[in-house]
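Data block below; observations after.
The values are calculated or read from the model by the stated rules, or taken from the named source; none is laboratory data. As the structure is a computational prediction, the values presented were derived from the model and not from experiment. Positions of Cβ are generated from backbone atoms using ideal geometry, with glycine treated the same way; all protein chains shown enter the neighbour counts.
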Amino acid sequence: MSRTRFSLKEMETLKENPWVSSVSALRVQYSEEFKKHFIEEYEAGKKPTEIFRECGFDPKVLGYKRIERATYRWKRMDVDTED
């Protein structure tokens with residue numbers, strides 16, 4: 001499986017986003033606030049790429065597969081934490 005690496009410029013741009021907690025060439029870690037915001041917006045009917053775009057991310061840089069996988073993880077995380 002090949003992984004898309006971020007360029008140095010892309011990494012710098014991602015690091016400047018307040019919704020990002022850390023970035024490496026292969027990985028982006030999003031803040032807990034972003035994850036909560038994402039779930040709220042998603043449950044309100046917005047599409048994942050729309051939410052990322054509105055929060056200052058370029059879906060083409062992140063890659064649609066990363067967004068898809070994050071959506072899946074965060075939806076599960078939200079369900080797992082409900083009482």
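Tabulated data
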{"read-out": "Counted residues, region 54-67 - those being part of a helix (DSSP H, G or I) and either surrounded by fewer than 13 Cβ atoms within 10 Å (Cβ to Cβ) or touching a Phe, Trp or Tyr at 6+ places or on another chain (Cβ under 7 Å) (or both)", "value": "7"}
{"read-out": "Residue identified as more than 14 Å from the chain's Cα centre (by Cα) and not polar (S, T, N, Q) among Lys9, Lys60, Lys36", "value": "Lys9"}
{"read-out": "Region 34-48 residues that are closer than 16 Å to Asn17 by Cβ, paired with ones that are outside any helix (DSSP H, G or I) and at pLDDT 95 or above (beta carbon under 6 Å, 6 or more apart)", "value": "Phe34/Trp19"}
{"read-out": "Members of region 10-38 found to be in contact with a helix residue (DSSP H, G or I) (Cβ under 8 Å, 6 or more places away or on another chain), within 17 Å of Lys75 (Cβ to Cβ) and buried (at least 17 other Cβ atoms within 10 Å of the Cβ), listed by number", "value": "Tyr30, Phe38"}
{"read-out": "Lone qualifier among Thr4, Thr49 - being of a type in the set (S, T, N, Q) and buried (at least 16 other Cβ atoms within 10 Å of the Cβ)", "value": "Thr49"}
{"read-out": "Whichever residue in region 13-30 is part of a strand (DSSP E or B) and among the β-branched types (Val, Ile, Thr) and, among such residues, is nearest to Lys65 (Cα to Cα)", "value": "Val28"}
